[in-house]
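The values are calculated or read from the model by the stated rules, or taken from the named source; none is laboratory data. On a predicted model such as this, the values are computed, not experimentally measured, just so you know. As a convention, Cβ positions derive from the backbone with ideal geometry for all residues, glycine included, and neighbour counts pool all protein chains shown. Protein only, heavy atoms only, side chains kept; ligands, DNA and RNA dropped before computing areas. Shrake-Rupley method; radii C 1.70, N 1.55, O 1.52, S 1.80 Å.
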Amino acid sequence: QVQLAESGGGLVQPGGSLRLSCAASRSILNIYVMGWYRQAPGKQRELVAVNTSGGSTNYADSVKGRFTISRDNAKNTVSLQMNSLKPEDTAVYYCNAGGELGGSWGQGTQVTVSS
């Protein structure tokens, strides 16, 4: 198991940007998939973006073209750059290592998009 710590959440106006970071407690070099998920109030957790060790990425349709996931194996971090934020992006964002089933999760960071 790897411990994960998210940072970078906050309150932002619609159209604004935020960058989330996830720091891992150990090397992520051999962790095939790292990702970000989110859960809005009253809704199920959903995938936002994932990045594999081979360099491929996958995004939810709702964030394509606005969000970018990046991975730094040397620093053991995964980041999520979020641009053109919308009120419907409001949620708790969770970092994940190793996949949704059986993987490790961070505590989450709140992102609120509101004017």
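What tally of residues in region 65-87 results from selecting those that are closer than 20 Å to I28 by Cβ and over 15 Å from the mean Cα position of the chain (by Cα)?
Residues in region 65-87 being closer than 20 Å to I28 by Cβ and over 15 Å from the mean Cα position of the chain (by Cα): 3 in total.
Across region 21-44, what is the number of residues that are of a type in the set (D, E, K, R) and buried (at least 16 other Cβ atoms within 10 Å of the Cβ)?
Residues meeting the conditions: 1.
Output the residue which, of all residues in region 61-110 that are outside any loop (DSSP other than H, G, I, E, B), within 15 Å of A5 (Cα to Cα) and in contact with a Lys or Arg (Cβ under 8 Å, 6 or more places away or on another chain), is most open to solvent (accessible area, probe 1.4 Å).
So the residue we want is Y94.
Scan region 45-60 for residues that are within 11 Å of the chain's Cα centre (by Cα) and open to solvent by less than 50 Å² (accessible area, probe 1.4 Å) and jot them down.
V48, A49, V50, N51, Y59
Does Q44 satisfy the criteria of being touching a residue at least 24 places away in the same chain (Cβ under 8 Å) and in a loop (DSSP other than H, G, I, E, B)?
So Q44 does not fit the description; no.
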